[in-house]
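Since the structure comes first, as structure tokens, the remarks are kept for the end.
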Amino acid sequence: MIVVCKYTAADEELQALQNWLSAKGVSFRSEENAGRKLLLLEGEKLPEEDAILAFAAVEEISGNGPAYKLADRNAKPGRSTVKVGSATIGDGGFTVIAGPCTVESAGQMETVAAAVKNAGCTILRGGAFKPRTSPYTFQGMGAEGISLLVSEGKKTGLPVVAEIMSAAQLPLFDEVDMLQVGARNMQNFDLLKALGKCGKPVLLKRGHAATLKELLLSAEYILSGGNEQVVLCERGIRTFEGATRNTLDLSAVPALREMTHLPILVDPSHGTGHASFVKPMAMAAAAAGADGIMLEVHPSPVDAKCDGMQALDCAALADTVRAVRAITDTLKSL
Ligand code: PEP
Ligand code: MN
């Protein structure tokens, strides 16, 4: 760790910092660089950065690498792959997860699951516990919704992913292959800690107003609990733009590829909020280098209990997947 001191630091201020470090038993060397003092701290157990920054003499701390040590691109040589049942995310293929926003009935799930399978998608999604903005809107079918999703997964042979909202729900997710943390829970640290111990792959969605660094620090909570199976998902962020539900930040894909080894998915459904914008942004996500996408589908979007505006119908799902495959095939020949 390198502590960069201010040009203007007074001798007593510098002395106060050095006395404090010595009293803590921290060994350090001091150097001069372009007229200011640098303290090079050595050792395994260094003081908290915030404590050092509290000294009047200190300008900044550098040379410490990112705070997300395990998610950091340099934490390992290659890129991570995450296995979800029979599907693998991040192995160079392009994963398509699809399904309804919310599980509504056995019939709806049966129709959607067949369409998802026929379109060539490899993971089935469906929410049963929904984080709705208003408490007066449909909150999901709960445990019954999970059973319907799991049973359609078994019938079609597709692994399933569903959103979990609290650690207390974990026993209900025994047969769910991948646990989704929604945008609203990206910084629910107790949930993230529990998922660090759950032994299942986690799909971590970016919060509405979260920076990529914050997303990676949330991933770090899961990784540092011992669970390496984390997949990130860009799902749009809140901006001043009102023509789309969110602003799908596709530049997050190449940025995250530089910052982390974790696989990266894109959700163009929540990212745009409009069914007709989903196909172009799904194709763009593939072109941007994502490891896959997640799409919302409903047999009859106008009848959906949640997020109907952004849901593809079954024919549009097949058409979108076909177009995305055309992009991924083209990318292979570039
Ligand atoms: C969802 O995937 O159904 C969902 C609620 O997404 P987000 O958390 O990104 O809003
Ligand atoms: Mn939704």
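The values are calculated or read from the model by the stated rules, or taken from the named source; none is laboratory data. Just so it is clear, the structure is predicted and the values come from calculations on it, not from any experiment. Methodologically, a virtual Cβ is constructed for each residue, glycine included, from the backbone with ideal geometry; neighbour enumeration extends over all protein chains shown.
All of Ala285, Ala275, Ala304 fail the test of being among the hydrophobic types (A, V, I, L, M, F, W, C), surrounded by 24 or more Cβ atoms within 10 Å (Cβ to Cβ) and within 16 Å of ligand 1 (Cβ to nearest atom), apart from Ala285.
Taking residues in segment 225-247 that are outside any strand (DSSP E or B) and within 16 Å of ligand 1 (Cβ to nearest atom), and partners anywhere that are modelled with pLDDT of 95 or more and aliphatic (A, V, I, L, M), the pairs with Cβ atoms closer than 7 Å and at least 6 places apart or on different chains are Arg235/Ala183; Gly236/Leu248; Arg238/Ala209; Asn246/Ile237. The residues of segment 116-154 that are outside any loop (DSSP other than H, G, I, E, B), charged (D, E, K, R) and more than 26 Å from Ala315 (Cα to Cα) amount to a single one, Glu144. Figure legend. Inter-residue proximity from segment 176-192: first residues under 16 Å from Arg125 (Cβ atoms), second residues among the small types (Gly, Ala, Ser) and within 13 Å of ligand 1 (Cβ to nearest atom), beta-carbon distance below 6 Å, spacing 6+ or different chains. Indicated pairs: Val176/Ala162; Ala183/Gly207. Within segment 107-128, residues that are within 16 Å of ligand 2 (Cβ to nearest atom) sit with their Cβ atoms under 6 Å from residues that are acidic (Asp, Glu), at 6+ positions apart or across chains, in these pairs: Met109/Glu152; Gly127/Glu163. Pairs linking a residue in segment 293-316 that is closer than 13 Å to Cys121 by Cβ to a residue that is surrounded by fewer than 19 Cβ atoms within 10 Å (Cβ to Cβ) and among the acidic types (Asp, Glu), with Cβ atoms under 9 Å and 6 or more positions apart or on different chains, are Val297/Asp313; Leu312/Asp319.
On inspection, Val82 does not qualify as within 16 Å of ligand 1 (Cβ to nearest atom) and either modelled with pLDDT of 95 or more or among the polar types (S, T, N, Q) (or both).
For segment 237-254, the criterion of being surrounded by 17 or more Cβ atoms within 10 Å (Cβ to Cβ) and either within 23 Å of Pro159 (Cα to Cα) or among the hydroxyl-bearing types (Ser, Thr, Tyr) (or both) is met by none of the residues. Within segment 34-62, being without any contact (Cβ under 8 Å) to a residue 24 or more places away in the chain and part of a strand (DSSP E or B) holds for one residue alone: Glu42. When residues in segment 276-315 are screened for being of a type in the set (A, V, I, L, M, F, W, C) and within 16 Å of ligand 2 (Cβ to nearest atom), 14 of them pass. Is it fair to say Gly90 is on the phi > 0 side of the Ramachandran plot and either more than 16 Å from ligand 1 (Cβ to nearest atom) or among the charged types (D, E, K, R) (or both)? Taking the combined requirement at face value, the residue satisfies it.
Against the test of being at pLDDT 95 or above, over 21 Å from Arg325 (Cα atoms) and within 16 Å of ligand 1 (Cβ to nearest atom), the options Leu212, Leu250, Leu216 yield a single qualifying residue, Leu212. Taking the criterion of being without any contact (Cβ under 8 Å) to a residue 12 or more places away in the chain and small (Gly, Ala, Ser), the only residue of segment 68-92 that qualifies is Gly92.
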